[in-house]
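Visitor: I have a structure I would like to understand better, so I am pasting it below and will then ask my questions one at a time.
The numbers here are math on the coordinates, done by the rules we state, and not lab data. If you're wondering where the values come from, they're calculated on a predicted model, not measured in any experiment. Here the Cβ is made from the backbone with ideal geometry for all residues, glycine too, and neighbour counts use every protein chain on show.
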Amino acid sequence: MERRMRRRRPGRKKPKALAVGAAIMLALLGAAGLFFALRGQPSALERLKAAQLPAWVDVQIIEVDGASRRGVPLDELNGIVVHYVGNPGTSAQQNHDFFAGPDSEVSSHFIIGLDGEVIQCVPLDEKSSASNERNRDTISIEVCHPDESGAFSEASYAALVELTAWLCQSTGLGGEAVIRHYDVTGKLCPLYYVEHEDAWLRFKEDVAARVSA
Ligand SMILES: [Zn+2]
């Protein structure tokens with residue numbers, strides 16, 4: 001009886017079968033779309049590798065020495081770490097030359113000087129030696145400062161905003177990826193921006209404004 005009734009009303013079955021078929025089709029298309037979207041999306045690191053470095057970056061890559069520069073590729077790219085050099089009044093060039101010298105076991109990708117000059121020391125697809133366990137997946141920026149307070153000069157600050165915004169734009173990383181050395185290890189670095197949380201938050205706002213400009 002049941003069978004007969006079903007056979008007599010095949011019209012009810014067809015739309016249902018069509019709907020199920022359509023749903024399966026849509027699900028498959030969705031899965032395929034997601035697969036290709038994920039596969040086709042370049043990573044932050046791939047995007048950075050392909051980016052055109054701004055003309056205001058003075059590229060002075062230090063030699064591979066097994067310490068300051070180990071020549072080891074970044075595992076991935078998830079963050080940008082801001083530091084202060086901790087040596088008041090020193091220039092970007094002096095800090096670069098220290099990284100390049102035999103007494104250093106540290107380095108950063110970039111150093112920003114007191115006049116806003118930017119020197120690159122380590123290739124952007126390699127690990128620097130600045131941010132402890134986050135060397136594996138971050139770009140590091142050291143900033144020079146005029147005095148013991150660790151506050152950046154106006155020119156250094158402006159260059160830091162510009163460089164950080166360029167890194168965010170080039171990699172697709174968001175504001176949450178911009179952190180202090182302090183946020184990795186609790187070290188008081190960059191000192192002024194650990195002691196003055198408001199100044200750090202203002203910096204992040206300035207970067208966000210520059211990115212969306
Ligand atoms: Zn630091």
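Visitor: How high is the relative contact order of region 44-212, in percent, counting Cα pairs under 8 Å that sit 6 or more residues apart?
Guide: Averaging sequence separation for qualifying contacts and normalising by length gives 27 percent for region 44-212.
Visitor: Going by average Cβ neighbours within 10 Å, how do the peptides 88-96, 134-142, 51-59 rank, with the highest at the top?
Guide: 134-142, 88-96, 51-59
Visitor: What does region 121-162 give for Rg and for Dmax, in Å, if only its C-alpha atoms count?
Guide: Cα-based Rg and Dmax for region 121-162 come out at 12.4, 33 Å.
Visitor: Does region 44-212 come out rounded, prolate or oblate, given a ≥ b ≥ c as the square roots of the eigenvalues of its C-alpha gyration tensor, rounded meaning a/c under 1.5 and, failing that, prolate meaning a/b above b/c?
Guide: It comes out rounded by the Cα gyration axes.
Visitor: Another one. Taking only Cα atoms and a 10 Å spring cutoff, compute GNM fluctuations for the chain and point out the largest among ASP75, ASP65, ASP103.
Guide: Highest fluctuation among the options: ASP103.
Visitor: Grab the Cα-Cα distance for LEU26 and GLU176, subtract it from 0.36 nm times how many residues apart they are, and report the gain in nm with one decimal.
Guide: Using 0.36 nm per residue and subtracting the Cα-Cα distance, I get 50.5 nm.
Visitor: Moving on to the next point. Compute the length gained on full extension between VAL64 and LYS49: take 0.36 nm times their separation in residues and subtract their Cα-Cα distance, giving the result in nm to one decimal.
Guide: Fully extending the segment from VAL64 to LYS49 adds 3.5 nm.
Visitor: Among DSSP beta bridges whose residues both lie in the chain, state the antiparallel percentage, nearest 5.
Guide: Of the beta bridges lying entirely in the chain, close to 20 percent run antiparallel.
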